[in-house]
Amino acid sequence: MENDAVNNPAPKKSKWGRILIYILLLGIIVYLARELRESEAGRNRHTRQLEQQIQEQQKTLQNLNSIVQSQTSQLREYKPYQANIRAAALRDSIYKILPFQFGETVFIMPDSLKATINAVNISGNASEYSIKYQVRTRKGDYMSVSLTDLKK
């Protein structure tokens with residue numbers, strides 16, 4: 001066996017294979033380093049954009065807070081009248097759904113007298129209500145008439 005080892009020495013590996021492997025590994029390292037640098041640059045750009053959006057939103061929030069504070073101070077003087085304001089809004093919403101409006105000319109049945117609607121009187125409680133129109137006739141008389149006695 002020793003004779004075989006002496007007669008046939010182990011073949012020498014070519015240095016070119018090793019050099020190619022080193023070059024290939026170096027190329028991969030350079031490529032990965034470049035990709036890492038580009039991804040970091042992209043991340044930094046994205047981070048700057050997000051920070052800019054945050055700053056813009058903070059400015060908008062500050063502007064909105066100042067508007068809310070000024071509106072709150074203006075509305076504070078109306079706070080004692082809040083119940084009256086809601087009642088007036090409710091009244092107006094009811095007036096919108098009524099079949100006859102202010103100033104409208106109607107006929108009072110059964111005599112078919114022409115009259116003009118002057119006011120609406122709505123009264124009631126939790127269990128019942130009544131709607132009466134106050135009308136002015138051609139003669140100048142004021143009458144309180146129920147909804148069922150009027151016709152367009």
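General remarks:
- Filter result for residue 50 (farther than 30 Å from residue 145 by Cβ, more than 36 Å from the chain's Cα centre (by Cα), surrounded by 10 or more Cβ atoms within 10 Å (Cβ to Cβ) and modelled with pLDDT of 90 or more): no
- If you filter the range 92-138 down to residues that are among the acidic types (Asp, Glu) and within 44 Å of the chain's Cα centre (by Cα), you find that the one that is surrounded by the fewest Cβ atoms within 10 Å (Cβ to Cβ) is 128.
- Any hit, the range 48-57, residues being β-branched (Val, Ile, Thr) and assigned to a helix (DSSP H, G or I): yes
The values are calculated or read from the model by the stated rules, or taken from the named source; none is laboratory data. Being a predicted model, the structure only gives us computed values, none of them experimental. Positions of Cβ are backbone-derived with ideal geometry, glycine not excepted, and every protein chain shown enters the neighbour counts.
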